[in-house]
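Participant: First the structure, which I've put down as structure tokens, then a few questions once you've had a look.
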Amino acid sequence: MYGKWMQLLGNHTRFGIHPFRIDISLKRCMAICIAAMLILVPFAIVIVKLMAPFYSALFKAMGQGEMDPAISDAVAQEYIPQIIVSYVLYFIAIVLMSIFSKAALRNQFINGLRLGDSLTFRSSLTFVGLLMQILVLILATMCTFGLAYPWAKMRYMRYLASNTCVVGELDDVELDDTDEPNDSGFFAIISRGMMVATPFI
């Protein structure tokens, strides 16, 4: 799905009179998504081991016909630490999976993008580098109750910009606007000023 989004955006946009083109591998996109899902596997194994005693006690009580609200609450109270740790591990796994996908898919998208016949683009994000930026963004925002969010967000944007470059001579690109009239349809009007959130830009 992400590969089709990349092709849709990369092959149907333009800068003035110069169209963008993109050359990506759908197999590579699928491999990235599968690798991201594999990040969840070790966390899932640990969560299953942590929660197995809880569900075992729960099913045992159900089998004995003793499953009333008081007993279920007592069983849950006994395993609260395991439940909390499981939720924390699940959150960490989702964050790591998302960061890996973001870095890999963005590199795939930017590195396959071309403007006209002379300009290409390069993205060199790394999983560890992006992870550090996201951690700073989350921790700074939480510890300052949102006051440091603008600083952390700009720090994150500077990281993206410093790892993105244009390959080619910008002077070779003619800065002439297209003569095609702007789309004045209903969807074009309501979508002005909006940007679709994608994991690869």
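The values are calculated or read from the model by the stated rules, or taken from the named source; none is laboratory data. Everything numeric in this text was worked out from a predicted model, so none of it was measured. Glycine gets a Cβ as well: all are built from the backbone with ideal geometry, and neighbour counts include every protein chain shown.
Participant: I want to confirm something. Restricting to the stretch 53-65 and keeping residues that are loosely packed, with under 14 Cβ neighbours inside 10 Å and more than 13 Å from I83 (Cβ to Cβ), which single residue is modelled with the highest pLDDT? Step through it out loud before you land on a result.
Facilitator: Applying the first criterion (loosely packed, with under 14 Cβ neighbours inside 10 Å) to the stretch 53-65 yields 53, 55-56, 59-60, 62-65.
Now narrow it down to the ones that are more than 13 Å from I83 (Cβ to Cβ): 56, 59-60, 62-65.
Working: S56: 84, F59: 79, K60: 78, M62: 72, G63: 70, Q64: 68, G65: 63.
Here the answer is S56.
Participant: D176: exposed (fewer than 11 other Cβ atoms within 10 Å of the Cβ) and either in a helix (DSSP H, G or I) or modelled with pLDDT of 95 or more (or both), yes or no? Reasoning before the result, please.
Facilitator: Numbers: exposed (fewer than 11 other Cβ atoms within 10 Å of the Cβ): yes; either in a helix (DSSP H, G or I) or modelled with pLDDT of 95 or more (or both): no.
No: the conditions fail for D176.
Here is a yes/no grid of residues against (1) modelled with pLDDT of 85 or more; (2) assigned to a helix (DSSP H, G or I); (3) within 27 Å of A161 (Cβ to Cβ); (4) not small (G, A, S):
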residue	(1), (2), (3), (4)
M6	no, yes, yes, yes
F20	yes, no, yes, yes
M51	yes, yes, no, yes
M67	no, no, no, yes
Q108	yes, yes, yes, yes
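Participant: Something else: Have a look at I71, I39, I47 and point out the one that is touching a Phe, Trp or Tyr at 6+ places or on another chain (Cβ under 8 Å), more than 25 Å from A103 (Cα to Cα) and either free of Cβ contacts under 8 Å to residues at least 40 places away in the same chain or among the hydrophobic types (A, V, I, L, M, F, W, C) (or both).
Facilitator: After ruling out the rest, the residue left standing is I47.
Participant: Those residues that are assigned to a helix (DSSP H, G or I), surrounded by 13 or more Cβ atoms within 10 Å (Cβ to Cβ) and not aromatic (F, W, Y), I need them from the stretch 32-43; list them, please.
Facilitator: If we filter the stretch 32-43 for residues that are assigned to a helix (DSSP H, G or I), which is where we start, we get 32-38, 40-43.
Pick out the ones that are also surrounded by 13 or more Cβ atoms within 10 Å (Cβ to Cβ) and you get 32-33, 35-36, 40, 43.
Hits for the stretch 32-43 are I32, C33, A35, A36, L40.
Participant: Do you know which residues across the stretch 1-30 are small (G, A, S) and in contact with a helix residue (DSSP H, G or I) (Cβ under 9 Å, 6 or more places away or on another chain)? Before the answer, list the steps.
Facilitator: Initially, the stretch 1-30 is screened for residues small (G, A, S), giving 3, 10, 16, 25.
Across the stretch 1-30, the qualifying residues are G3, G10, S25.
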